[in-house]
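The values are calculated or read from the model by the stated rules, or taken from the named source; none is laboratory data. This one's a predicted model, so the numbers in the text were calculated from it and none came from an experiment. Don't worry about glycine lacking a Cβ; one is built from the backbone with ideal geometry, like all the others, and counts go over all protein chains shown. Heads up: the accessible areas ignore ligands, DNA and RNA and are worked out on the full protein's heavy atoms, side chains in. Shrake-Rupley method; radii C 1.70, N 1.55, O 1.52, S 1.80 Å.
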Amino acid sequence: MLKRLSSACLRSSFSHLSPRAPASSCYAGEKSTLGRFFRSLRDSNPRILVSGRRVFYCSEAGDGSDAADAKDAVAKAEGENAAEEVGSKFSSAIVPTNPKPEDYLSVLALPLTHRPLFPGFYMPILVKDPKLLAALVECRRRQAPYCGAFLLKDEPGSDSGVTSGSEPDKNVTELKGLELFKRLHEVGTLAQISSIQGDQVILIGHRRLRITEMDSEDPLTVKVDHLKDKPYDKEDDVIKATAFEVISTLRDVLKTSSLWRDHAQTYTQHIGEFNYPRVADFGAAISGANKLHCQQVLEELDVYKRLKLTLELVKKEMEISKIQESIAKAIEEKISGEQRRYLLMEQLKAIKKELGLETDDKTALSAKFRERIEPNREKCPPHVLQVIDEELAKLQLLEASSSEFNVTRNYLDWLTALPWGNYSDENFDVHNAQKILDEDHYGLTDVKDRILEFIAVGKLRGISQGKIICLSGPPGVGKTSIGRSIARALNRKFYRFSVGGLSDVAEIKGHRRTYIGAMPGKMVQCLKNVGTANPLVLIDEIDKLGRGHAGDPASALLELLDPEQNANFLDHYLDVPIDLSKVLFVCTANVVEMIPNPLLDRMEVIAIAGYITDEKMHIARDYLEKTTRESCGIKPELVEVTEAALRDLVENYCREAGVRNLQKHIEKIYRKIALQLVRQGVSNEPSPSAAAKDVVVEASSEKFLEEPTESFAEEQKASTVESEEAISQEVSETPGDNPVKTLSKDEVVKIDNEEIVADIIQETEVNTKVEKILVDVSNLSDFVGKPVFHAERIYDRTPIGVVMGLAWTAMGGSTLYIETTQVEQGEGKGALHLTGQLGDVMKESAQIAHTVARAILSEKEPENPYFANSKVHLHVPAGATPKDGPSAGCTMITSLLSLSMNRPVKKDLAMTGEVTLTGRILPIGGVKEKTIAARRSGVKTIIFPSANRRDFDELAPNVKEGLDVHFVDNYNQILDLAFKNEHEAEAGK
């Protein structure tokens with residue numbers, strides 16, 4: 001209805017105007033330019049569009065004829081379209097009023113949140129305030145339909161550059177009276193109330209207003225002054241140029257933006273004649289600029305400055321339109337290209353299918369799976385072939401879009417990728433295996449002998465049956481690298497997976513195929529990766545298996561590592577038996593006691609105790625140092641690490657059982673050496689002098705190979721003559737009867753070139769001469785810092801009540817002292833106090849030791865009431881380190897007896913062993929580690945339980961060398977060994 005009323009009104013209002021009629025408000029040039037521009041838009045597309053956001057109209061107050069004509073048009077339109085009347089009976093495009101707009105000096109204030117209202121434009125707004133809405137309705141009833149539209153300022157503290165949109169309606173509604181008055185911009189627009197439909201009010205801008213003061217608060221009424229544009233010179237060239245630039249930019253924007261074009265066409269139908277102020281208002285009003293920028297244009301009364309502000313806005317809008325157009329073009333090209341490619345691919349598929357050159361996806365998949373299993377069909381078990389054929393037939397019946405199709409395809413992919421019956425050729429050469437093992441590792445005789453035995457049995461049988469070997473030992477002794485060496489010696493594929501912290505059984509046994517994302521277990525993945533059915537599988541950190549809500553992985557490994565069961569290992573995903581009997585399993589563990597007994601029962605445990613100082617020296621010199629030097633790019637002749645430095649490094653920095661920490665320290669040394677060499681100018685890149693030497697030699701050889709030119713022949717002749725004369729002179733001056741030898745020209749030139757090359761080589765050697773770096777005990781701390789370990793021996797000669805014991809740790813063996821002292825003495829005060837962060841086992845050992853010591857003392861010295869009347873304090877030093885284990889009983893008894901009898905024990909004595917209440921000595925573990933710890937501390941005499949004699953005999957000769965070892969069954973033997981020499985010495989005195 002509003003559209004029709006507006007169109008009818010304006011057609012009748014401006015029907016008497018002719019495009020060639022003179023316009024009094026504009027000069028001829030202005031009229032012709034502006035008129036042609038907007039008439040061309042109107043003639044090219046006479047369609048009039050009313051924007052959903054705002055409708056455009058312009059009227060001039062004081063023009064009585066226009067108002068009268070408009071009134072007639074409204075009446076006529078209402079008569080013709082009475083059935084289509086919308087809203088109240090007072091609504092119309094223009095409501096004629098008797099008072100003129102300039103007569104309104106006090107108006108209702110309407111806050112605008114989005115952008116200001118410009119003269120000549122429609123704007124629909126929503127009025128939520130019921131009092132304000134009622135006041136607007138009352139104004140229309142009183143035939144005074146005018147109000148003031150003022151832009152609302154941004155809330156204090158907000159970023160105006162960011163909040164260019166609207167303020168929430170809820171916040172605007174809450175503003176009342178003086179608070180709303182302070183938030184309004186001073187300059188606004190006198191707006192005619194065109195229609196009111198519910199809470200929607202349509203305003204038409206007329207002229208600019210400025211607020212002078214507040215008249216009333218609820219609803220807000222303000223007193224205003226009517227503003228007029230400042231006078232301007234229409235003939236000013238600057239104003240003309242600015243206006244024409246605005247028009248030119250608008251023309252460019254209108255070509256790219258259909259929305260702007262519709263705005264312009266509607267505006268040209270309503271506005272009548274254009275002038276410079278209207279051009280500025282038009283450009284600013286329809287631009288998408290920030291509301292504050294539009295407010296600046298509204299507040300500007302200088303026409304030239306207003307045109308400049310509008311020009312900036314439309315230029316920016318032009319740039320945005322160009323960017324938008326380029327983005328749209330790029331997206332359109334991409335989409336069209338993809339559609340074209342899709343159509344061509346579909347056509348290609350259709351052509352190939354017609355020619356029989358391509359089959360469908362299911363047939364191609366089936367052919368791929370059959371081709372994959374064909375080479376191993378004879379070796380593949382019959383039950384596996386049956387399952388594969390059934391699944392292939394099932395695949396042909398399934399739709400490619402179904403989920404079951406993907407499950408079946410993945411299942412066939414895994415099933416056909418396994419190496420059924422495909423074994424690698426093993427190397428049963430014992431001598432070659434011995435050579436490889438010796439190359440990779442020093443020592444480890446037990447491990448090497450077990451591998452050679454395995455190879456020997458395989459050679460005699462013709463086939464090798466898989467075994468389960470468990471390598472146990474401290475960190476860094478080479479357990480994982482041994483597995484690689486075994487695989488290389490046997491010519492088997494190597495696969496390693498760590499089970500440390502593993503808590504999901506599906507990692508070993510696989511998932512059921514019905515689960516989303518199901519996969520086979522580690523063994524099936526291993527066989528697919530290595531491509532053979534007899535690899536060497538290293539299961540690392542088997543003593544650190546976890547146990548979670550998804551089952552017990554240790555129990556799942558029972559079937560995998562049982563030689564009697566793994567011939568028919570069943571993976572949950574494949575659900576067909578797999579033969580793993582030919583797989584050689586090598587497990588590694590730090591502590592065997594952490595492995596569950598059922599799983600440990602299926603393994604053959606080989607203990608790797610660690611390395612003594614001599615073995616570490618060999619490993620460092622033959623393996624670690626060589627590898628580190630090559631990895632750092634250092635030549636052997638540039639550095640030397642002495643034996644004394646290596647020994648000091650082993651004993652004072654890297655005392656653990658393994659060699660991993662030793663390798664880190666050696667790498668640290670060579671990194672610092674590399675830095676020193678680079679600072680001295682050493683580089684593995686070819687030096688410029690060496691390159692020059694090669695160029696000279698190459699150039700000279702090429703020069704002789706080429707056919708000589710005339711200039712070269714003359715130069716060569718001149719140099720040859722000079723060389724002959726010089727040589728003849730030297731020969732003639734040489735004393736003696738040596739005959740003079742005449743040289744040819746080629747020989748003379750050769751001598752000259754050799755002299756040049758020799759000079760270059762000598763110069764290169766002088767420039768690149770580098771001082772050799774020597775690493776010795778004196779400067780070792782400069783490379784690796786201060787020593788970490790100190791001597792474990794606290795006493796050169798143990799005092800009374802102190803005895804050295806031997807302990808086993810996860811890092812190897814160590815010595816520890818057990819000290820006892822008397823706290824107080826008195827009748828019946830016998831007691832034992834323990835310190836040193838001892839575990840429950842050691843606390844029990846201390847109580848047993850106290851009881852046995854009292855029994856032995858009462859037997860040896862019946863008159864000595866020491867334990868009955870003395871409170872004794874037993875302490876194990878290094879209280880910050882937890883200590884526990886069943887091998888300290890002998891040491892504790894000896895310490896208590898030493899204190900009670902007031903006798904020190906034998907010098908350089910260490911012992912280990914657990915004692916029963918009757919004095920029997922029980923066997924212990926870690927014989928090699930404890931022996932190494934004793935040697936490191938300079939102990940000469942060691943006491944072991946008799947049951948450990950066999951363990952000691954199996955040690956290497958270099959470990960047992962120089963030690964006086966005693967094996968005992970009863971503590972009375974220890975008593976004689978510990979105090980015999982001291983007793984004899986006292987008797988001699």
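What ³J(HN,Hα) values, in whole Hz, does the Karplus curve 6.51 cos²θ - 1.76 cosθ + 1.60 give for segment 194-208 when θ = phi - 60°, with x put for Gly and Pro?
Once θ is set to phi - 60°, the couplings for segment 194-208 become 6, 7, 10, 10, x, 9, 9, 10, 9, 10, 10, x, 10, 8, 7 Hz.
What list of ³J(HN,Hα) couplings, whole Hz, do you get for segment 424-436 from phi and the Karplus terms 6.51, -1.76, 1.60, once you set θ to phi - 60° and write x for glycine and proline?
Using θ = phi - 60°, the values come out as 7, 6, 7, 9, 9, 7, 5, 5, 5, 5, 4, 5, 5 Hz.
What's the Cα-based Rg to Rh of segment 415-467, Rh via Kirkwood?
My calculation of the ratio gives 1.09.
Under 9 Å from the Cβ of Pro945, count the other residues' Cβ atoms, weight Lys and Arg +1, Asp and Glu -1, and hand me the total.
Combined, the nearby Lys, Arg, Asp and Glu give -1.
Taking every Cα atom in segment 168-237, find the radius of gyration and the maximum pairwise distance Dmax, and write them in Å.
Just the Cα atoms of segment 168-237 yield Rg and Dmax of 15.9, 50 Å.
Cβ neighbours within 10 Å, averaged per peptide: list 927-933, 855-861 in order, most packed at the top.
Going from most to least packed, we get 927-933, 855-861.
Hey, can you grab everything whose amide H is under 5 Å from the amide H of Asn534? Only 5+ residues off in sequence or another chain; H modelled, so Pro and N-termini drop out.
Here Ser424 satisfy the definition.
What area, in nm² and to one decimal, does the C-alpha convex hull of segment 209-251 cast on average over all directions? List each step's numbers first, then the result.
Numbers: hull surface 20.8 nm².
Approximately 5.2 nm², given one-decimal rounding.
For segment 389-503, what size does the Cα cloud have along each of its three principal axes, sorted from largest down, in whole Å?
62, 38, 20
What list of whole percents do you get for P(r) of segment 806-892, with Cα-Cα distances grouped in 10 Å bins up to the one holding the largest distance?
All Cα pairs, binned at 10 Å, distribute as 16, 47, 27, 9, 1 percent.
Considering the convex hull of the alpha carbon atoms of segment 279-345, report its projected area averaged over all viewing directions, in nm², one decimal.
Answer in nm², one decimal: 5.2.
Cross-link list Lys493/Lys626; Lys228/Lys316; Lys871/Lys980; Lys362/Lys528; Lys672/Lys930; Lys368/Lys493: which exceed 30 angstrom alpha carbon to alpha carbon?
Details: Lys493/Lys626 27 Å; Lys228/Lys316 28 Å; Lys871/Lys980 27 Å; Lys362/Lys528 23 Å; Lys672/Lys930 35 Å; Lys368/Lys493 26 Å.
Where the Cα-Cα span goes over 30 Å, the pairs concerned are Lys672/Lys930.
Using a 1.4 Å probe on the protein heavy atoms, what percent of the accessible area of segment 433-578 belongs to carbon and sulfur?
49
Extent of segment 499-652 along each principal axis, from alpha carbon coordinates, in Å, largest to smallest?
63, 34, 30
Taking the highest mean first, how do the peptides 868-875, 398-405 order by number of other beta carbon atoms within 10 angstrom per residue? Mind showing how you got there, number by number?
Values: 868-875: 17.4, 398-405: 11.8.
The peptides rank, most packed first, as 868-875, 398-405.
Run a plain Debye calculation on segment 374-443 (Cα atoms as equal point scatterers, no solvent) and give log10 I(q)/I(0) at q = 0.13, 0.15, 0.27 Å⁻¹, rounded to two decimals, same order as the q list.
Values, matching the q order: -0.57, -0.63, -1.15.
Viscosity 1.002 mPa s, temperature 20 °C: what is the translational diffusion coefficient of segment 789-941 from Stokes-Einstein with a Kirkwood Rh over Cα pairs, rounded to a whole number of µm²/s?
Reported coefficient: 137 µm²/s.
Express in % the proportion of alpha carbon pairs of segment 894-989 at distances exceeding 21 Å.
Value for segment 894-989: 35 percent of Cα pairs lie more than 21 Å apart.
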